[in-house]
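The values are calculated or read from the model by the stated rules, or taken from the named source; none is laboratory data. Only a predicted model underlies this, so the values are computations on that prediction, with no experimental measurement involved. Every residue, glycine among them, receives a Cβ derived from its backbone with ideal geometry; neighbour counts consider all protein chains shown.
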Amino acid sequence: MSIKSEIKRRRTFAIISHPDAGKTTLTEKLLLFGNAILTAGAVKSNKIKATTSDFMEIEKQRGISVSTSVMAFDYNNIRVNILDTPGHKDFAEDTYRTLSAVDSVILVVDSAKGVEEQTRKLMQVCRMRNTPVMIFVNKMDREGLYLYDLMEELEKELDIAVSPYTWSIGAGNRFKGLYNLYTDEVQVYDPSKKDSSEKPVTIKDINDSTIADHIGADSLKTLKDEVEFIKDMFEPFSLSLYREGYLAPVFFGSALNNFGVLDLLETFLEIAPHPGTIEAIERKIQPEEEALTGFIFKIHANLDPNHRDRIAFLRICSGKFERNKFYFHTRQDKKMRFSSPTSFMANAKSIVDEAYPGDVIGLYDSGNFKIGDTLTEGETLHFKGIPSFSPEILREVINMDPFKTKQLDKGVRQLTDEGVAQLFIQQPGNRKVIGTVGELQYEVIKFRLEHEYGAKCRFSPLPFIKATWVTSDNKKELDEFLVRKSGAIAYDKENNLVFFAENEWMIKIAKETFPSFRFYTTSEFKDSLKV
Ligand code: G4P
């Protein structure tokens with residue numbers, strides 16, 4: 001098959017949600033449809049239930065997510081690549097980066113809880129990149145919010161136009177089924193057929209008189225009224241608006257009862273974009289270009305301390321990846337080849353000979369890669385959209401074993417290359433400050449430094465609540481700032497200037513005192529979020 005047809009048959013996406021909305025359950029049902037797993041319960045939830053100190057749980061999570069980081073399967077000759085994202089909020093940064101490697105997302109919302117904190121944050125990242133979004137309102141078998149209110153909440157809180165693609169016939173005890181506004185089909189919900197792969201009773205045409213026999217005359221009347229109303233109230237679905245990231249089609253269902261999931265999957269395969277243009281700083285890359293390009297968006301440490309190898313996850317952006325062919329590692333300015341690139345078909349790892357745009361492959365790495373690295377066939381490229389986010393907790397690394405300084409340095413560098421946390425250096429004395437978005441990260445780092453590098457450290461709290469990147473082209477102001485704020489100045493690994501703020505007020509004051517300054521909450525200045 002040509003590269004073009006391989007691209008056309010690929011859909012690479014992530015399922016995102018606030019924890020507990022049903023992401024794991026939905027993923028599992030999709031994998032069942034793709035015959036990628038044989039039984040329900042095969043996908044482990046990567047939630048960490050313990051909040052702190054449960055190292056084994058953390059390690060388990062890391063172990064599990066190697067195999068579930070990417071789940072690929074074929075459905076109706078379409079290659080579906082699902083990229084997993086951690087559920088725990090302390091790993092949010094990992095999720096943000098994974099979103100740079102997908103072409104679209106499915107957002108799962110709990111029908112009773114509506115838009116929750118993580119939903120909002122994740123959507124912000126999608127909106128930054130105009131990632132096409134489909135929304136799945138889950139748990140319709142439970143009493144939930146009034147649907148119009150929920151739709152309004154989605155539209156307002158997520159800052160996106162919503163368009164019902166299916167509509168729920170009742171909810172909770174009165175949940176009778178779903179109506180598809182575009183196929184005009186009514187699917188009848190039968191709670192006794194939970195987990196069955198049998199298709200539900202489906203009646204084409206909302207005016208078919210037999211529908212009332214299945215869902216009752218009252219439910220049918222309500223449905224008809226509601227359909228009239230929602231057609232007036234919401235934008236009709238538009239493929240181009242969806243693909244541009246301005247309009248999200250909304251689906252309803254119950255992942256647990258496998259109801260509404262097939263509709264979601266089939267519509268997704270029809271409307272979701274195949275791999276498209278990806279922007280690098282230097283130029284735009286088209287997937288059908290002959291030369292391979294790709295970037296590393298995730299690095300996973302090997303759990304076994306005897307095998308220090310890591311797995312670097314490469315998203316292919318253009319061309320065809322071939323095993324044992326030499327590729328150019330642009331940051332290190334060297335050629336590398338890979339004898340055992342891994343694919344994640346049907347949830348099992350296997351060596352792959354070739355891969356295409358949209359695919360994600362695992363490359364064994366002994367420390368060559370860091371997040372954001374690019375592989376090409378000779379061109380120097382830097383992909384956008386793999387930023388570091390403004391950490392909200394900052395702690396100084398205190399070495400507890402002076403004989404292991406080298407190991408500690410190496411460990412801190414490597415772990416921060418993996419994106420576990422961010423490293424900042426403060427002068428004088430080359431003091432290392434680790435910034436994270438969650439508490440749990442410090443425990444992971446401490447544990448891993450000890451177990452993987454033999455280094456001992458503790459973390460000393462700093463009085464800062466935020467690190468923001470700073471730019472200015474006014475040298476005089478910059479010099480003054482460096483002197484006046486010396487205690488709150490640091491540099492990231494790329495030597496970018498970073499300001500540690502003790503509170504929001506400090507940023508406000510700094511902005512007023514130094515009008516030429518720009519403060520950013522992501523390391524990617526060009527299209528990042530200004531504060
Ligand atoms: P997450 O990955 O988004 O965190 O959510 P997950 O799928 O683990 O689902 C969270 C809880 O919600 C699970 O229950 C799951 O069984 C339940 N759930 C998912 N989809 C539906 C649905 O359509 N209807 C109903 N009623 N419940 C649903 P749990 O008790 O927390 O976990 P478990 O012990 O059942 O695994």
So which strands (runs of 3 or more DSSP E) stay within region 452-500 end to end and still have 1 or more residues that are at negative phi, aliphatic (A, V, I, L, M) and buried (at least 19 other Cβ atoms within 10 Å of the Cβ)? 466-471, 489-491
Among the residues of region 120-167, the number that are within 16 Å of the ligand (Cβ to nearest atom) and of a type in the set (Asp, Glu) is 2
Quick count over region 407-441, residues being assigned to a loop (DSSP other than H, G, I, E, B), free of Cβ contacts under 8 Å to residues at least 40 places away in the same chain and closer than 18 Å to Ala301 by Cβ, is 2
Could you tell me whether Ser192 is under 28 Å from Phe33 (Cβ atoms), under 31 Å from the mean Cα position of the chain (by Cα), part of a helix (DSSP H, G or I) and not charged (D, E, K, R)? no
Can you list the helices (runs of 4 or more DSSP H) found entirely within region 1-119 that contain at least 2 residues being at pLDDT 90 or above, surrounded by fewer than 19 Cβ atoms within 10 Å (Cβ to Cβ) and away from the ligand (no atom under 16 Å from the Cβ)? 3-8
Can you go through Thr210, Thr202, Thr166, Thr222 and tell me which one is in contact (Cβ under 8 Å) with a residue 60 or more places away in the chain and either closer than 30 Å to Tyr246 by Cα or of a type in the set (Ser, Thr, Tyr) (or both)? Thr166
Filter region 246-263 for residues that are away from the ligand (no atom under 12 Å from the Cβ) and at pLDDT below 95; the one that is surrounded by the fewest Cβ atoms within 10 Å (Cβ to Cβ) is Leu262
Which of (1) surrounded by fewer than 21 Cβ atoms within 10 Å (Cβ to Cβ); (2) away from the ligand (no atom under 16 Å from the Cβ) does Asp190 not meet, given it meets every other one? (2)
Please determine, by comparing only the residues of region 123-168 that are under 16 Å from the mean Cα position of the chain (by Cα) and part of a loop (DSSP other than H, G, I, E, B), which one is farthest from Val188 (Cα to Cα). Asn130
